[in-house]
Structure formats: structure tokens, C-alpha cells
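> After the C-alpha cells below, expect a handful of questions from me.
The values are calculated or read from the model by the stated rules, or taken from the named source; none is laboratory data. Since this is a predicted model, take the numbers as computed values, not measurements. All Cβ positions, glycine included, derive from the backbone under ideal geometry; neighbour counts span all protein chains shown. Side chains included, ligands, DNA and RNA excluded: accessible areas come from the protein's heavy atoms. Shrake-Rupley method; radii C 1.70, N 1.55, O 1.52, S 1.80 Å.
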Amino acid sequence: MINEVTISRLDELIGDYDTPFFNYLLYSYDLSLNDCEAIINDLKNDINSNRVAADNLVSTLEDYFKRKVTDLEKQSKLDYLTELINPESDYYVRFLKRYGLDEDEIGLIYSRIESRILEDNITDFEIKRYLEYYFANSVKQGSYFRDLDMIVGRAYDTLTIRKAKRDYPILTDRDIVDIVMAIRERIIDAVEFRRGIKHEFFDQCMRKSEDKKARALSNLEYFVEESGDSFSHFVKSKGLTRQEGEMILSEIKGEISSGMIQPEWINSVFLTKRFNEYNERK
């Protein structure tokens with residue numbers, strides 16, 4: 001019932017597309033009658049679906065018009081970008097063709113600028129500036145991509161990957177993939193890697209490894225410190241002294257430092273298992 005009342009009020013505001021308020025929207029936002037009709041239908045659907053609570057219909061409707069204008073602007077800019085990178089376009093021939101990029105490289109550049117358009121609604125001038133910037137760095141980027149592909153191989157099975165897993169055992173296969181994808185994103189962003197991609201890869205592996213070790217230690221300390229007396233009772237319940245409990249914790253910390261324990265493993269079940277194993281050894 002509330003939705004019906006709201007839509008009835010909306011119909012009063014719009015009339016037969018001839019009220020003063022509708023004329024204000026039509027001419028202020030320079031939209032076609034079809035666009036206006038589509039906006040109003042979208043708002044009605046959102047009201048019926050309870051996706052919007054239109055307490056102030058005038059303000060809400062104007063917000064929908066503003067959003068439509070922004071969406072149309074972004075689509076227009078995407079079309080402009082597509083036109084600029086068309087190999088037959090005058091702009092491409094004059095400014096971009098000399099870089100000799102293949103379709104995949106151009107596709108990566110398009111995706112990066114596309115995201116800037118959708119997220120930041122950049123201007124036409126900025127679109128051209130980013131195009132020239134990314135294309136100008138394309139030769140260096142191509143070299144970076146080739147170096148990264150050499151590291152990855154066909155299935156993350158190269159000697160470099162094996163060394164990374166050996167040197168940083170806390171890293172999972174997912175971690176390695178995430179590191180490679182993050183470097184790929186930075187290459188697309190035209191970041192300069194003065195010490196090379198291989199150095200960057202191992203540097204990121206080291207950073208990720210240290211971050212995971214720190215989180216594992218933090219999880220362990222949080223569990224012990226937050227438990228307080230409960231932890232002491234837990235140690236006693238296993239028939240162990242406080243000194244033995246501290247020794248087990250020290251062993252766990254040593255394994256964390258060696259990269260043998262994942263942060264998410266640290267919980268009461270894990271500690272119970274370790275204390276039971278200690279008792280079995282005794």
C-alpha cells in the first residue's frame with residue numbers, strides 16, 4: 001500500500017510528461033524523452049521492489065536523472081576510447097601505430113583506462129593522456145610481461161617458483177598466484193621496476209611471507225593473552241606445568257618463524273593437538 005501511494009505521488013509529479021517539474025528535469029539534464037521515461041520506470045520498479053525508500057520524491061527523482069547523465073557520459077567516453085584505439089582511426093595512425101602493439105597488449109591498456117572511466121569518470125583529455133602514457137611505456141611493459149611469464153612458466157612449475165616455495169614455505173599456491181597477479185597489475189599501471197621483475201617477485205614473496213608470519217604470531221599471542229587464567233587451566237588440564245606450556249609455545253613460535261604454520265591454523269583445536277602430542281612424547 002505504501003508503495004502504491006508513493007508511485008501515485010510520482011505520477012502526480014510527472015503527469016503526462018508535461019508538468020513544470022518534469023519540464024525542469026527534461027531541459028536541465030538535456031535527456032531525450034525516451035531516456036526520461038526509462039528513468040521513471042526504473043524508479044517505479046525500485047519502489048515496488050523496496051530497493052529505494054523515496055521519502056523525498058523530488059530529490060530522489062533528480063538523483064536518478066543525475067545518475068543517468070553520468071552513466072551516459074561514461075558510455076560516451078568508452079565509445080570514444082574504442083574509437084581512438086581503432087587501428088583505422090586518424091588518432092591511432094598518427095600517435096599510437098608506431099609502438100607496434102599486438103591485440104593483447106592493446107586490450108590490457110583498454111581495460112585499464114576503461115576502469116578509470118567507470119570509477120573516476122575521467123575526461124576525454126585524460127583518456128588521451130593515459131593512452132599515450134601506456135603506449136609509450138609499452139616496450140618496457142612488454143619486456144616486464146615476458147620476464148613475468150618466464151617466472152610463471154606454463155603451470156607455475158619453474159625453478160624460480162620452486163625456489164620461492166622453498167625459501168618461503170609459508171606461501172601457498174594461492175599466495176604465489178596473488179603475488180604474480182599483483183605484479184601484473186603494476187606492470188599495466190606502467191610502474192618502473194628498476195631492479196627487474198625477478199627481484200620484484202622475490203621481494204614480494206619475502207614481504208608476503210613476513211606478513212603471514214606476523215599474523216600467525218599475533219594470532220598465537222592473542223589466543224594466549226586473551227585466555228589469561230583460562231590458558232593456565234588449559235595447561236594444567238593436560239597435566240603439564242606452566243614451564244612446559246611455555247616451552248610448547250616457544251616451539252610453535254619457532255615453527256612460525258620458519259614459515260611452517262599458517263596464520264589461520266592457530267586456534268584452540270590446534271593448541272590442544274600440540275599439547276596432546278607433547279604428552280604422547282613424554
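> So in segment 130-145, with the set limited to residues that are hydrophobic (A, V, I, L, M, F, W, C) and within 23 Å of the chain's Cα centre (by Cα), which one is modelled with the highest pLDDT? Full working, then the answer.
At the first step, the residues of segment 130-145 found to be hydrophobic (A, V, I, L, M, F, W, C) are 131, 135-136, 139, 145.
Those left that are additionally within 23 Å of the chain's Cα centre (by Cα): 131, 145.
Values: Leu131: 93, Phe145: 88.
Looking at residues that are hydrophobic (A, V, I, L, M, F, W, C) and within 23 Å of the chain's Cα centre (by Cα), I get Leu131.
> Quick check on my filter: what residues within segment 133-153 are within 17 Å of Thr82 (Cα to Cα) and out of contact with any Leu (no Cβ under 8 Å at 6 or more places or on another chain)?
Taking segment 133-153 as the starting set, the residues that turn out to be within 17 Å of Thr82 (Cα to Cα) are 133-135.
Of everything in segment 133-153, those that are within 17 Å of Thr82 (Cα to Cα) and out of contact with any Leu (no Cβ under 8 Å at 6 or more places or on another chain) turn out to be Tyr133, Tyr134.
> Does Phe95 fit the bill of being open to solvent by 20 Å² or more (accessible area, probe 1.4 Å), aromatic (Phe, Trp, Tyr), in a helix (DSSP H, G or I) and out of contact with any Cys (no Cβ under 8 Å at 6 or more places or on another chain)?
On the way: open to solvent by 20 Å² or more (accessible area, probe 1.4 Å): yes; aromatic (Phe, Trp, Tyr): yes; in a helix (DSSP H, G or I): yes; out of contact with any Cys (no Cβ under 8 Å at 6 or more places or on another chain): yes.
Spelling it out, Phe95 is indeed open to solvent by 20 Å² or more (accessible area, probe 1.4 Å), aromatic (Phe, Trp, Tyr), in a helix (DSSP H, G or I) and out of contact with any Cys (no Cβ under 8 Å at 6 or more places or on another chain).
> Oh, and also: Looking only at segment 30-52, which residues are open to solvent by 50 Å² or more (accessible area, probe 1.4 Å) and among the small types (Gly, Ala, Ser)?
Of everything in segment 30-52, those that are open to solvent by 50 Å² or more (accessible area, probe 1.4 Å) and among the small types (Gly, Ala, Ser) turn out to be Ser32, Ser49.
> Mind listing just one residue for me: the one in segment 53-76 that is basic (Lys, Arg) and closer than 12 Å to Ile39 by Cα and, of those, most open to solvent (accessible area, probe 1.4 Å)? Write out each step before concluding.
Initially, segment 53-76 is screened for residues basic (Lys, Arg), giving 66-68, 74.
Next cut, closer than 12 Å to Ile39 by Cα only: 66-68.
On the way: Lys66: 102, Arg67: 124, Lys68: 59 Å².
For segment 53-76, the residue satisfying everything is Arg67.
> Scan Asp203, Asp189, Asp178 and give me the residue that is closer than 25 Å to Ile261 by Cα, open to solvent by 40 Å² or more (accessible area, probe 1.4 Å) and of a type in the set (Asp, Glu).
Working: Asp203 fails: open to solvent by 40 Å² or more (accessible area, probe 1.4 Å); Asp189 fails: closer than 25 Å to Ile261 by Cα.
Just one listed residue meets the conditions, Asp178.
> Sticking with this one: When you look at Ile127, is it at pLDDT 95 or above, in contact with a helix residue (DSSP H, G or I) (Cβ under 9 Å, 6 or more places away or on another chain) and within 30 Å of Glu83 (Cα to Cα), yes or no?
Working: at pLDDT 95 or above: yes; in contact with a helix residue (DSSP H, G or I) (Cβ under 9 Å, 6 or more places away or on another chain): yes; within 30 Å of Glu83 (Cα to Cα): yes.
It is true that Ile127 is at pLDDT 95 or above, in contact with a helix residue (DSSP H, G or I) (Cβ under 9 Å, 6 or more places away or on another chain) and within 30 Å of Glu83 (Cα to Cα).
> Still on this structure, please answer the following. With respect to Ile187, is the statement that it is within 30 Å of Ile109 (Cα to Cα), at pLDDT below 90 and out of contact with any Ser or Thr (no Cβ under 6 Å at 6 or more places or on another chain) true? Reasoning before the result, please.
Details: within 30 Å of Ile109 (Cα to Cα): yes; at pLDDT below 90: yes; out of contact with any Ser or Thr (no Cβ under 6 Å at 6 or more places or on another chain): yes.
Here the answer is yes, as Ile187 does meet what is asked.
> Still on this structure, please answer the following. For segment 119-143, how many residues are open to solvent by 20 Å² or more (accessible area, probe 1.4 Å), part of a helix (DSSP H, G or I) and not basic (Lys, Arg)?
The number of residues fulfilling the criteria is 11.
> Another question, if that's okay. Which one of Val235, Val224, Val177 is in contact with a Phe, Trp or Tyr (Cβ under 6 Å, 6 or more places away or on another chain) and assigned to a helix (DSSP H, G or I)? Give the steps one after another, and end with the answer.
Working: Val235 fails: in contact with a Phe, Trp or Tyr (Cβ under 6 Å, 6 or more places away or on another chain); Val177 fails: in contact with a Phe, Trp or Tyr (Cβ under 6 Å, 6 or more places away or on another chain).
Testing whether each residue is in contact with a Phe, Trp or Tyr (Cβ under 6 Å, 6 or more places away or on another chain) and assigned to a helix (DSSP H, G or I) leaves just Val224.
> Something else about it: Here is a check on your reading of the model: is Asp16 farther than 23 Å from Asp71 by Cα and in a helix (DSSP H, G or I)?
no
> Still on this structure: Being open to solvent by 30 Å² or more (accessible area, probe 1.4 Å) and in contact (Cβ under 8 Å) with a residue 40 or more places away in the chain narrows it down to one of Arg112, Arg146, Arg116, Arg166, so name that one.
Working: Arg146 fails: in contact (Cβ under 8 Å) with a residue 40 or more places away in the chain; Arg116 fails: in contact (Cβ under 8 Å) with a residue 40 or more places away in the chain; Arg166 fails: in contact (Cβ under 8 Å) with a residue 40 or more places away in the chain.
Result: Arg112 is the single residue among Arg112, Arg146, Arg116, Arg166 that is open to solvent by 30 Å² or more (accessible area, probe 1.4 Å) and in contact (Cβ under 8 Å) with a residue 40 or more places away in the chain.
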